[in-house]
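Down below is the structure, laid out as structure tokens.
The values are calculated or read from the model by the stated rules, or taken from the named source; none is laboratory data. In this text, all values refer to a predicted model and were calculated from it rather than measured experimentally. Cβ placement follows ideal geometry from the backbone for every residue including glycine, while neighbour counts extend to all protein chains displayed.
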Amino acid sequence: MQWRAMPLALGMLALALTGCGGGGGDSDSSSDGGGGTTPVPSEPSTPSTPSGPSVPSTPPRQQGQLLSAQSLSEIGVDSFTAAVAAGTGRIPPLQPRYSVATYRLTYLTRDADGALVEASGLVAVPKKAAGAAASPVLGYQHATTFTNAEAPSLNLAPSEPPLVLASLGYIVVAADYVGFAHSNASAHPYLQSQATARAVLDMLDAAQQWRRAAQVADNGQLYLLGYSEGGYATMAAHREMERSHSPLLPQLRATLPAAGPFDMQVTLDTQLERVRDEYPAVGWMLSPGALSHLGSTVRDEVRRLLLRALVPADADVRYDARFLDTYLADDKETLREQNSVHWGWTPSVPVYLFHGRDDATVPFAASVSAYDTLRASGGAPVSLRECNSVVPSGHTACVPEYFGYALAVMGTAP
């Protein structure tokens with residue numbers, strides 16, 4: 001890999017991509033905008049009939065429907081350059097190319113129980129000269145964050161990954177996920193495959209509707225990438241695209257899911273081992289496959305410990321971690337059906353997995369399981385790139401290498 005060919009401040013992106021900590025923020029979707037609201041085309045009225053005057057129809061609310069688009073701010077190249085200069089310096093900073101216009105979209109998706117819910121996300125558009133080549137679309141799925149203020153459409157710092165990637169020439173679409181920003185009153189359906197996939201794909205659909213209405217051209221190419229929970233969301237979305245024969249699928253060129261808990265059984269078995277080692281008072285009675293035999297008091301305590309290993313007590317986003325109850329009931333089939341994302345599909349475009357072997361947050365074994373399962377499906381090529389730029393190859397430490405790898409796979413945007 002030639003680092004000179006990757007136009008990105010990789011070290012700066014590393015801290016933002018892992019989404020660790022931060023302050024709280026408001027959930028009011030109008031709280032940090034400039035500009036106004038971009039109108040969304042309405043459906044035509046119902047034709048009049050001979051018996052009386054015409055009555056305007058109300059478009060039915062449906063999944064993937066674009067509700068509104070709000071112009072937020074434009075970030076200049078100088079701001080990106082200054083952010084690069086203030087980075088960690090672990091990777092040589094490289095020059096952004098474009099100013100970026102940002103927008104917050106609201107759209108309809110489904111929550112963990114299948115009910116329609118209004119959600120939001122960010123679209124970041126590089127400001128290119130008239131006649132310049134159209135950009136590819138990059139679906140960016142953010143890593144786990146426990147503060148609402150870190151949602152993509154609320155955090156417009158020029159060091160944030162979606163914005164830096166847009167400054168390189170990509171049109172970046174980043175779902176906030178249910179539970180963040182516009183939908184902060186709802187619980188976040190954490191690591192629940194169907195709701196996660198729908199939040200991503202419905203945002204991509206809404207962004208495509210907005211681009212057509214606003215005449216923002218793309219080049220017909222789509223990539224999906226993300227790290228940690230973002231890697232999980234990337235694979236969940238890709239699987240759903242394949243299973244549902246999504247209209248977006250012909251645009252998809254590759255997915256790059258990194259360091260995600262794709263196999264939830266493997267992931268939670270590893271977390272249980274850590275609880276067992278750290279809390280010997282209850283650890284001696286904890287074995288995967290025998291948890292349903294625990295008494296209710298011990299079981300509640302184990303659930304609390306597992307949840308605290310995943311979500312800190314000071315989070316200002318509510319996490320719906322119902323998969324823990326499934327796991328503690330030893331219900332492997334339900335955990336597989338509703339939470340794991342590595343099985344039951346065949347990729348039609350390449351999948352580029354990435355993970356560090358020394359990751360103590362998400363086990364490397366989860367990526368090995370995904371690699372073996374997807375390779376066995378007989379579809380498009382699947383690869384697993386091991387992080388090798390740092391020792392130990394930990395969860396956060398491997399983020400810069402992942403960005404470099406992803407950009408090398410996708411190539412330079414026009």
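Worth pointing out:
- The requirement of being closer than 30 Å to Gln221 by Cβ, in contact with a Lys or Arg (Cβ under 6 Å, 6 or more places away or on another chain), touching a residue at least 60 places away in the same chain (Cβ under 8 Å) and not β-branched (Val, Ile, Thr) is fulfilled nowhere in the stretch 359-375; no residue meets it.
- Subset of the stretch 230-255 [buried (at least 24 other Cβ atoms within 10 Å of the Cβ) and more than 12 Å from Ala370 (Cβ to Cβ)]: Gly230, Ala233, Ala237, Met241
- From the list Val390, Val362, the one residue that fits, being in a loop (DSSP other than H, G, I, E, B), out of contact with any strand residue (DSSP E or B) (no Cβ under 7 Å at 6 or more places or on another chain) and buried (at least 17 other Cβ atoms within 10 Å of the Cβ), is Val362.
- None of Leu204, Leu105, Leu122, Leu154 is in the same structural domain as Ser73 (by TED's automatic domain parsing), crowded, with 20+ Cβ neighbours inside 10 Å and part of a helix (DSSP H, G or I) except Leu204.
- Being out of contact with any His (no Cβ under 9 Å at 6 or more places or on another chain), in a helix (DSSP H, G or I) and farther than 24 Å from His238 by Cβ holds for only one residue in Ala166, Ala149, and it is Ala149.
- In the stretch 180-196, the residues that are at positive phi and over 13 Å from the mean Cα position of the chain (by Cα): Ala181
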